[in-house]
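In what follows, a single structure is set out as structure tokens and then discussed.
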Amino acid sequence: MVSALKDSAGAESERPVPRRPSPARGLGDRVFRVQLTASGVIVLAIMAAVGLFLLLRAAQALRTRGVWGFLTTAEWQPDVHRFGIAAVLTGTLLIAAVAVTISVPLALGTALFISDIAPRPLRRTLVSMVDLMAAVPSVVYGLWGLFFLQQHVIGVSRWLSDWFGWIPFLHVDGTQPGEPLASQSVYTASTFVAGIVVALMVAPIQCSVMREVFAQAPAGEREGAYALGATRWGMIRAVVLPYGMGGIIGGTMLGLGRALGETIAVYLIISPVFTIQPHILQTGSNSVSSLIALHYGDASTFGMSALMAAGLALFLLTLAVNFTASSIVARSRSGAQSEA
Amino acid sequence: MTVVDLEKGAPEDAPQHTSQHTSQDAPQASPQGTPGEAAAEGTPAGPAVAAAVPDVPRRIGGVTRSGVLSVFGAAASGLCVAVLLFGELAPFSGALGFFVTAYLSFLGLYAVLTGLEEDGQAVRDRVMTVVLWSAGGLMFAALTMVVGFTAWRGREALPHANFFTQDMQAAGPLDPLTDGGIAHAMLGTLIMIAIALAITVPLGLACAVYLNQIPGRFSRFVRTIVEAMTALPSIVAGLMVYAVWILNLGMQKSGLAAGFAISVMMLPIVIRAADVVLRLVPGTLTEASEALGAPRWRTVWHVVLPTARSGLATAVILGTARGIGETSPVLLTAGFTAALNADPTNGPMISLPLAVFNFVKSPEPTMIARGFGAAAVLMALVLVLFVIARVIGGRGPGHQNKRQARRAARASRRDARRFTELHTPGLELFATGSSGTDGDTERPERGTGNGAPSPHAPAPAPAPAPAPADGDPASRDNTPAPADGDPAPQGPPAPDNETRTGGAGGNSDAATGDAH
């Protein structure tokens, strides 16, 4: 390789011909290029294999039950061929909805705090702490939610259901408004508690996406707003928030994608039920991923196929959410580059 | 948005603003107050109207005494209101409700207090600043609580040395904490993460380089897929390996399968983070390397990867931290065991998060204590990884820490010295003959040719760099050209040339040959 280069160099030194800046020259570069492309293909193949093998394995269950039946049945009894993901999917979506409702204000506030309010020397530390929070294992969050948060949330759940029980999804069966002696256990292991824990897990991801986009808001426009007499909050509302809208939406959806797939923390907290449970404050909930974690051990071959079908549904759902999110974030980023 | 309120006249407005600034920034405020003072002094009507616009700059951030007092006053009264409400109404129970009530009344009172001396916009600004501070505070309070709670509950199991050295084979659920431990889980975690890293690091970094170095439609497609996969539910990664490895290939549950599952989950995370870091490598560096004639693979190996080294390490370590903590892929693929198993290809294996999960599912208090102990160990592991990542990474690509900067400075001083020694006989000519390349062409010729006259020039030894590239005068003329006859700036280009030569190894002569 080197000697070949030397030869070509010697030949070229007589007549200075500019080297053609082609992406590949020489044997080494061709090998290099092939290796890199191969790694890209392998990664793509692995990612495709996830969907492919799930589909392959799920085919048996889906053929038996039919896609529509699979989506609309709430029970999970694969051995008598009565199974579907209506209940677990509803639970997944409700937990994710609670999580996003709580995490978005928190993440948005923290992102704005880090990008605009916090004292400058503090900012790097804050950013690392947000990253650390994203790296805390989900089982640790689950432990915290189960052994610490749950008992403190019961009061809030009771208050919400007492005063806002007339809103259908905040209603709790078996309680009367203003009855303080009702059993506390109806408020435990609920969608709400699981949602709060998942919210803490997804907030750092949302926060870091939002912060990145906020940090790119052009300095000229920020200063322009100040020059017009804006307060800091006025500047944030007039410049940073409109500018970072793509990041806010994209970050929210990325967090939603994570929230949909969360397994262990949800599994530890909820008590699984296989009916559609729209009351988020009431005990009993379910999610696709905790269904898989719950039943993979005792599943027959056909039951495994049914679990694969549930996994496939979860996979497709998160994939759709993530694609939307990353395209929104990418669009907001490319706009940032062109304006900066 | 505008401070300027044209309807208001100077007489109403000016005093308000001066009173607002009395506390700390009186000296700053006084020059701004001049228009108002001018109006008060009774200048003619025309200028007075123009001066009626209160030209007081808006305070952005910063701490004022009245601001601090308002915060503390509002906090104190908010607390009192909450105590009162809690005693009277009692709709909440628990500490959480109390804090929410106290916080809300604090916000309301703070808005009222600020409203006493500020206009509406400033009030909104102050209140939102407090809200954002508390959002940040809440986030970090949550982090501290999660980590602190785990450590606190882990205190029962952690002091026992056997917790780190034994497995759970001999210890039943009712045995005290002096029996059994999590050695099997720690070993399992290390083996699994080692397998995952052995797959993820080469493949992930190669793929990230691919995304950066070979642009095209296919690599854009791969990037899109990888980005969408970063939030792949980890249990789906476990299911996929279960389907392929255990159902299709008929293998048993093992540490190897768990390592595969963790790799599937980590791969997109590492690729994405490494891709972002590689994108930040300055284009000038790669272009310089290309301009020296280095082929692409040498540019990547000697310029791109070393430049981004710290960032890449951070990407890998953060991916590792995520991979270590994942339970669900391991849950499906590793099986469960209470015994120490060091063979990843054979028999079930357990990892720390899975052990935590299994411990806390038991109703026995000692098992739950073990679970918290294992969680604290896991958390400590993640923290250590995280701190390492921050210490070696955290800087942008190309930035050096102090030691690296010192080393680079030393190297370039050495190079500069060698270079000046090399050119000592021609120094005065360099200084005087400021114009023209022909002066330069002759100078080095004489400098190296005469070699002997220079007293302390170890002529043959350091010579290789510029001189005998191919003994071609044309190339000699090109090397010092950027220095342009001035000896002082000649230092910097020289080390650059030297390091490139040293780094690119055998390629250097080809590079010099091609430089023109």
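All of (1) surrounded by fewer than 21 Cβ atoms within 10 Å (Cβ to Cβ); (2) of a type outside the set (Asp, Glu); (3) farther than 30 Å from B:Leu247 by Cβ hold for A:Leu281 with one exception: (1). Taking (1) surrounded by fewer than 24 Cβ atoms within 10 Å (Cβ to Cβ); (2) in contact (Cβ under 8 Å) with a residue 12 or more places away in the chain; (3) of a type in the set (Val, Ile, Thr); (4) within 10 Å of chain B (Cβ to nearest Cβ) in turn, A:Val139 satisfies each apart from (1). Annotation note: Cβ proximity below 9 Å between a residue of the stretch B:148-159 that is more than 23 Å from B:Pro173 (Cβ to Cβ) and a residue that is part of a loop (DSSP other than H, G, I, E, B) (sequence gap 6+ or interchain) occurs for B:Ala151/B:Leu158. Screening A:Ser128 against (1) of a type in the set (Ser, Thr, Tyr); (2) at pLDDT 90 or above; (3) surrounded by fewer than 18 Cβ atoms within 10 Å (Cβ to Cβ) leaves a single unmet condition, (2). The residues in the stretch A:67-109 that are closer than 15 Å to A:Gly255 by Cα and not small (Gly, Ala, Ser) can be counted, and the count is 12. Among the residues of the stretch A:150-174, those that are out of contact with any strand residue (DSSP E or B) (no Cβ under 9 Å at 6 or more places or on another chain) and facing chain B (nearest Cβ under 9 Å) comprise A:Gln151, A:His152, A:Ile154, A:Gly155, A:Val156, A:Arg158, A:Trp159, A:Asp162, A:Trp163. Among the helices (runs of 4 or more DSSP H) confined to the stretch B:286-395, the ones with at least 3 residues that are among the β-branched types (Val, Ile, Thr), buried (at least 18 other Cβ atoms within 10 Å of the Cβ) and touching a Gly at 6+ places or on another chain (Cβ under 8 Å) are located at B:309-325.
Of note, B:Gln213 satisfies the criterion of being within 14 Å of chain A (Cβ to nearest Cβ) and either at negative phi or not charged (D, E, K, R) (or both).
Considering A:Arg19, A:Arg30, which residue is among the charged types (D, E, K, R), surrounded by fewer than 18 Cβ atoms within 10 Å (Cβ to Cβ) and modelled with pLDDT of 65 or more?
Only one candidate passes the filter, namely A:Arg30.
Going residue by residue through the stretch B:109-129, is there one that turns out to be closer than 19 Å to A:Gly109 by Cα, more than 10 Å from chain A (Cβ to nearest Cβ) and at pLDDT 80 or above? For the stretch B:109-129, residues closer than 19 Å to A:Gly109 by Cα, more than 10 Å from chain A (Cβ to nearest Cβ) and at pLDDT 80 or above: present.
If we scan the stretch B:136-151, do we find a residue that is more than 21 Å from A:Leu143 (Cβ to Cβ) and within 11 Å of chain A (Cβ to nearest Cβ)? Yes, the stretch B:136-151 has at least one match. Across the stretch B:234-253, the qualifying residues are those that are crowded, with 23+ Cβ neighbours inside 10 Å and touching a residue at least 40 places away in the same chain (Cβ under 8 Å), and the one among them that is farthest from the chain's Cα centre (by Cα) is B:Tyr242. Is there a residue being farther than 22 Å from B:Gly323 by Cβ and in contact (Cβ under 8 Å) with a residue 40 or more places away in the chain anywhere in the stretch B:130-138? Yes, that holds for at least one residue. When the stretch B:254-285 is filtered for residues that are touching a residue at least 60 places away in the same chain (Cβ under 8 Å), among the β-branched types (Val, Ile, Thr) and not in a loop (DSSP other than H, G, I, E, B), the ones remaining, listed by number, are B:Ile262, B:Val264, B:Val270, B:Ile271, B:Val277. Is there a residue being among the charged types (D, E, K, R), within 8 Å of chain B (Cβ to nearest Cβ) and in contact with a helix residue (DSSP H, G or I) (Cβ under 7 Å, 6 or more places away or on another chain) anywhere in the stretch A:259-280? Yes, the stretch A:259-280 has at least one match. Screening A:Val193 against (1) assigned to a helix (DSSP H, G or I); (2) within 23 Å of B:Trp133 (Cβ to Cβ) leaves a single unmet condition, (2). The listed residues are A:Thr275, A:Thr301, A:Thr231, and the only one of them that is modelled with pLDDT under 90 and under 28 Å from A:Arg211 (Cβ atoms) turns out to be A:Thr231.
The values are calculated or read from the model by the stated rules, or taken from the named source; none is laboratory data. Given the structure is predicted, the values throughout are model-derived calculations rather than measurements. Positions of Cβ are generated from backbone atoms using ideal geometry, with glycine treated the same way; all protein chains shown enter the neighbour counts.
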